[in-house]
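*Asks:* Quick one: this structure, given as C-alpha cells, is what I'll be asking you about.
Just so it is clear, none of the values below were taken in a lab; they were calculated from the coordinates. Everything numeric in this text was worked out from a predicted model, so none of it was measured. Virtual Cβ from ideal backbone geometry, glycine too; neighbours counted across all protein chains shown.
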Amino acid sequence: MSYVVGLTGGIGSGKTTVANLFAELGVPLIDADIVARQVVEKSSPLLSKIAEHFGDEILTSQGELDRAKLRQIIFRQEQEKIWLNNLLHPAIRQEMLSQIQACSEPYLLFVVPLLIENNLTEFCDRVIVIDVEPAIQLERATKRDQSKVDTIKSIMASQVSRTERLRYADDVIENNLPLEQGLERIKTQVFALHQQYLDLAKDKES
Ligand code: ATP
C-alpha cells in the first residue's frame, strides 16, 4: 500500500495552496471534501437512502443533493444530524480507504480539514500540519469566503486548537507570511519533504 501523508490545518490555513504544490510534483491527492461529495453523488445508493428518509424535496430538479436544504434541516434538528452522520461517516471512511488502497504511487497526500477531529490520523503514516497564526487565519478565511468574522470564529472554535493540532504534526509548514514573501520558502520545503517521503515510502515497501 502507498505511504500515506496526511495534510491538515484549520480553516483557511493554506491546505489547498500547499496540496497544489505537491500535486505539481506529480503526487496523487485524496481530498476528504471531494470524497464526502462522491459518496452522495447523483444516483448513488446513499443519496437514495437520504431521499427515502427526508423525502424527494431534498433533491434538486436535477436529482442532486440539495445541500443548502439539508444543512438547514440538520442545523435545526439534532436527531436528524445524528442520523445523517451515522449514515455518511462510515461510508466516507470506507471510500477513503478504498481510494488509498487503489493508489499505486509510492506515496499519496491525504488532504483532510478534520483529520484529527475525525480520528483519521490512523490512516496516515505521517502528518503535515499547516500552521498559521489565528489572527491571520481569520483574516484570510473571512476574505476568501466573504463571511462574517463571527461565522469564521465559530468554525475555528469547533476545530481542534492550534496547540492540539501541532501535537500530531510530524512536519509543520508555517504559512504566516504573505505569499509574495513566503511562497518560495514553502516551495523549497515542499520539495525537501517530497524527497523525504519518497525515501520513507521505499522503507515501507521493503
Ligand atoms: P479551507 O480548509 O478553509 O478550504 P485551506 O486550508 O485549503 O482552507 P487555502 O484555500 O489554501 O486554505 O487558503 C485560504 C485563503 O488564503 C485562500 O484564499 C488562499 O489564496 C489564501 N492564502 C493561503 N496562503 C496564503 C498566504 N501565505 N498569503 C496570502 N494568502 C494566502
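*Asks:* With +1 assigned to the C-beta of every Lys and Arg and -1 to the C-beta of every Asp and Glu, and no other charges, what is the dipole magnitude of segment 106-178 about the Cα centre in debye, to the nearest 20?
*Replies:* 300 debye
*Asks:* Among V39, Q99, A201, whose Cα projects farthest towards the positive end of the dipole of the chain, with charges put on the beta-carbon of Lys, Arg (+1) and Asp, Glu (-1)?
*Replies:* V39
*Asks:* Normalised by the residues of the chain, what does the relative contact order come to in percent, with Cα pairs under 8 Å and at least six apart?
*Replies:* 37 percent
*Asks:* Tell me the angle of helix 78-102 to the major Cα principal axis of the chain, expressed in degrees between 0 and 90 and rounded to the nearest ten.
*Replies:* Taking Cα atoms only, the helix is inclined about 40 degrees.
*Asks:* What is the spin-label model distance, in nm, from L88 to E139 if the labels are put 7 Å beyond Cα along the C-beta direction?
*Replies:* A separation of 3.2 nm, rounded to one decimal place.
*Asks:* Among the GluC sites (Glu not before Pro) within segment 1-77, which fall in a DSSP loop and have no more than 11 other Cβ atoms within 10 Å of their own Cβ?
*Replies:* Here the GluC sites (Glu not before Pro) that fit, given the DSSP loop and packing criteria, are E41.
*Asks:* Could you check the spin-label model distance between Q79 and K49? Points 7 Å from the Cα along Cα→Cβ, value in nm.
*Replies:* Rounded to a tenth, the inter-label distance reads 1.9 nm.
*Asks:* Placing +1 on the Cβ of each Lys and Arg and -1 on the Cβ of each Asp and Glu in segment 1-151, which of S48, L138, L120 has its Cα farthest towards the positive end of the resulting dipole?
*Replies:* Final value for the positive-end residue is L138.
*Asks:* Now a separate question. So what's the angle, to the nearest 10 degrees on a 0 to 90 scale, between helix 134-145 and the longest Cα principal axis of the chain?
*Replies:* It works out to around 50 degrees.
*Asks:* 7 Å from Cα along Cα→Cβ at both S206 and A36: what's the point-to-point distance in nm?
*Replies:* Using points 7 Å along Cα→Cβ, the separation is 4.0 nm.
*Asks:* Next question. State the extension gain, in nm to one decimal, for the chain segment bounded by E122 and E164, taking 0.36 nm per residue of separation less the distance between their alpha-carbons.
*Replies:* Taking 0.36 nm per residue and subtracting the Cα distance, the gain is 13.5 nm.
*Asks:* Further question: Dipole of the chain, Cα-centred, from +1 at each Lys and Arg C-beta and -1 at each Asp and Glu C-beta, to the nearest 20 debye?
*Replies:* 400 debye
*Asks:* If each residue's Cβ is checked for other Cβ atoms within 10 Å, how do K143, K15, K187 rank with the fewest at the top?
*Replies:* Least crowded to most crowded, the residues run K143, K187, K15.
*Asks:* On to the next question. Could you tell me how many degrees, from 0 to 90 and to the nearest 10, lie between the Cα long axis of helix 179-205 and the main elongation axis, the longest principal axis, of the Cα atoms of the chain?
*Replies:* 90 degrees
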